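Down below is the structure, laid out as structure tokens.
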Amino acid sequence: MRRVRGGQRGATAIVAALLAVPLFGIGALVVDVGAIYQERRELQNGADAAALALARNCAGPAGCGPIDSTAGALADANANDDSSNVDEICGDGPGLTACAVPPDVPAGADGYVRVATSTRTGGGLSELTYGLARTLTDETGATVRADAVVAWGAPGSKVTTQLTISLCEYDAFTDPDGDGIATFAVGPPFSGTPRTVYFHSTSAAGTCPAGPSGADLPGGFGWLESVDCGALIGAGNWVPDKTGNAVPNDCHPSDWRDKTILLPIYDQTNGLSGSNGSYHIAGFAAFHVVGYRFPSEKWPNNMKCKKSESNGSTTCLVGHFTNFVTSADTFGGASLGVTAVRIVG
């Protein structure tokens with residue numbers, strides 16, 4: 001028995017040696033591939049954040065702004081070691097260099113920006129150094145890369161309020177001199193005289209003519225028929241009207257107080273009345289609400305739509321038309337001061 005046991009000496013060492021390679025391989029898979037995966041996620045977050053920020057700037061009235069510093073700061077901020085390379089910034093927008101190979105962007109987009117990032121360690125190296133994997137390969141590390149493409153344009157569909165006003169009235173408020181250049185209030189805080197949009201067929205709602213291209217069904221603004229007050233509405237679609245001046249049961253104007261809401265803007269009606277009427281939605285405008293008066297609902301408590309009002313019976317919405325950047329799944333509506341940004345690649 002002693003001779004048998006002595007003949008097995010060294011067997012464990014042989015088995016351990018045979019298992020060393022697969023064990024190191026598993027360790028490399030867990031440690032180094034995990035590190036690469038984490039690096040890729042950080043770089044992608046940085047590329048997404050940089051492209052979104054630049055797209056929002058490009059979509060606004062001030063243009064794309066400080067391009068390199070904006071992208072660099074956001075790429076670094078999304079890295080655990082606060083360090084990333086920004087290899088490329090290109091696109092179709094003010095101040096952007098055209099991409100050598102333009103990406104595919106959705107129809108209706110007005111422009112896009114692409115940001116490409118890659119590894120830069122806290123020590124300034126451009127590759128992620130391997131740990132255990134160096135025992136299995138001649139490679140010392142890997143350069144990880146990521147990129148993001150963000151497009152912008154007027155939204156083609158959007159969840160909005162059920163209120164709609166005519167394109168004629170929108171133009172009268174934002175382009176009173178008719179030169180084709182809309183002017184928007186800047187804020188918050190907003191300055192200047194708020195705009196007052198009046199409801200159906202009140203004597204004050206005479207800004208636009210009645211008829212298919214005017215403010216009629218039959219007056220200033222009206223309600224759209226939908227299953228709730230946050231309906232998904234598509235530009236280019238016909239939407240049935242909801243009769244009456246009263247706020248629909250599922251709408252809460254108190255949620256709009258001192259907030260910017262999106263108003264569907266219609267450019268045509270079908271000319272019919274009552275529950276047979278429909279609005280053709282052209283696009284979406286942003287309106288910052290500072291007051292309203294509906295049947296049984298008003299804000300502030302002393303709200304009157306007209307200074308000469310004696311009984312406060314007129315129905316209206318008061319506020320400022322403004323620029324607004326949001327998100328949307330589709331592009332293609334009329335350009336009415338609201339711009340959507342969306343990651344498309």
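Step through the table entries LYS158/LYS259; LYS158/LYS298; LYS158/LYS304; LYS242/LYS304; LYS158/LYS306, compare each Cα-Cα distance with 22 Å, and write down the pairs that go over it.
LYS158/LYS298; LYS158/LYS304; LYS242/LYS304; LYS158/LYS306
Taking neighbour Cβ counts within 10 Å as the exposure measure, how do SER69, SER226 sort from fewest upward?
SER69, SER226
Return the long-range amide H neighbours of VAL247 (sequence gap of 5 or more, or a different chain), with a cut-off of under 5 Å between placed amide H atoms.
Answer set, sorted by chain and number: none.
Kindly put LEU317, LEU232 in sequence by how many other C-beta atoms sit within 10 Å of each C-beta, fewest to most.
Least to most surrounded, the residues fall as LEU232, LEU317.
Taking the beta-carbon count within 10 Å as an exposure proxy, list TRP256, TRP152 from fewest neighbours to most.
In order of increasing Cβ crowding within 10 Å: TRP256, TRP152.
For ALA340, what residues show an amide H to amide H distance below 5 Å, using hydrogens built from the backbone and excluding near sequence neighbours?
GLY153, ALA154, THR326
Under a 5 Å amide H to amide H cut-off, with H placed in plane at 1.01 Å, what residues pair with ASP147 once short-range neighbours are removed?
THR117
Computed from the coordinates by the stated procedures, all read-outs in this text should not be read as laboratory data. Predicted model only: the values in this text are computed from it and were never measured. For neighbour counting, all protein chains shown are included, and Cβ atoms are generated from backbone atoms with ideal geometry for every residue, glycine included.
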